[in-house]
Structures are given as structure tokens and as C-alpha cells.
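Inspection log for the structure reproduced underneath, given as C-alpha cells.
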């Protein structure tokens, strides 16, 4: 598995969580799914920026990477809007659905133009190594989060 397959797997996982959210009618269950979604998105964005995006900071892909980072910031801003909403009402649900729209747009662009450009720059070995680095970083971040929670 290379970085592209790894990122697609992450994207599919998040898409599945959004589907679970949309198919649930129970607000507490939706809150738990939203919390998991937020954790996964923040973890993914951090690890992706530290590995995949850093490897692509070159003239050919600089603008695409900057655009992807901007989209990550938009995702983080929408997450803050969700987290600062006190009530689990229809407005809160709308904010989570808006997050889905932002994420879907980001995934479409990333798996399209950014992946195409990256495949012209990164060797197969680089793509495999980046997957390993990203996976390791995500595991480290999860472990650190658990230690802080304990």
C-alpha cells in the first residue's frame, strides 16, 4: 500500500462515519459519531501535512499544497463551530453536514489534481515510505492523545 491508497482508505473511513451520522436519529449517538469524526479529521490533517504535503513542497505542486492546507484550515474552522455549539439541535446537525460538504470537496480535489501531480514527482518508493511515515505519525498522535486523557 502506498500513500495514495492509504489516504483513500482514510477518506473512505471518514465518508463512512458521515454516513453513520446521517443515518442515525438518536442525538447522543450522533454526538459520539461527530466526536469520532472530528478526532479522525484532525489526526488525518495533521499527519498528512507533516508527511505528504511536506514531500510536495516543490515548485510544481506548491500552489496545490497551499490550497489543500487552506482547505484543512476551513475544515478546522468548521470543527470549531461544531464544538462551540452547546445544543445538539438542527443547527448543530447543519454544521456537521456543512463539514461533510467541505470534506467532500477537499477529498475530490486531493484525489484528483493533487494525486496526479504527486505521482509525477514521487517515486513508488517515496509513496510507500510516506505511507509508512504517515501511519507511524498517526499512531504516535493517537498514543499521545490517550496518555493525555488518562
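Screening the stretch 83-109 for residues that are more than 17 Å from residue 20 (Cα to Cα) and in contact (Cβ under 8 Å) with a residue 40 or more places away in the chain and picking the one that is nearest to the chain's Cα centre (by Cα) gives 107. Output yes when any residue across the stretch 49-61 is out of contact with any helix residue (DSSP H, G or I) (no Cβ under 8 Å at 6 or more places or on another chain) and under 24 Å from residue 144 (Cα atoms), and no when none is. Yes, some residue in the stretch 49-61 is out of contact with any helix residue (DSSP H, G or I) (no Cβ under 8 Å at 6 or more places or on another chain) and under 24 Å from residue 144 (Cα atoms).
Surrounded by 15 or more Cβ atoms within 10 Å (Cβ to Cβ), under 14 Å from residue 4 (Cβ atoms), modelled with pLDDT of 95 or more and out of contact with any strand residue (DSSP E or B) (no Cβ under 6 Å at 6 or more places or on another chain), is that true of residue 135?
It is true that residue 135 is surrounded by 15 or more Cβ atoms within 10 Å (Cβ to Cβ), under 14 Å from residue 4 (Cβ atoms), modelled with pLDDT of 95 or more and out of contact with any strand residue (DSSP E or B) (no Cβ under 6 Å at 6 or more places or on another chain).
Only residues that are buried (at least 18 other Cβ atoms within 10 Å of the Cβ) and more than 16 Å from residue 18 (Cα to Cα) were counted in the stretch 72-82, giving 1.
Here 42, 20 are screened, and the one residue that is within 11 Å of the chain's Cα centre (by Cα) and free of Cβ contacts under 8 Å to residues at least 60 places away in the same chain is 42.
The values are calculated or read from the model by the stated rules, or taken from the named source; none is laboratory data. Keep in mind it's a predicted model, so treat the numbers as computed, not measured. All Cβ positions, glycine included, derive from the backbone under ideal geometry; neighbour counts span all protein chains shown.
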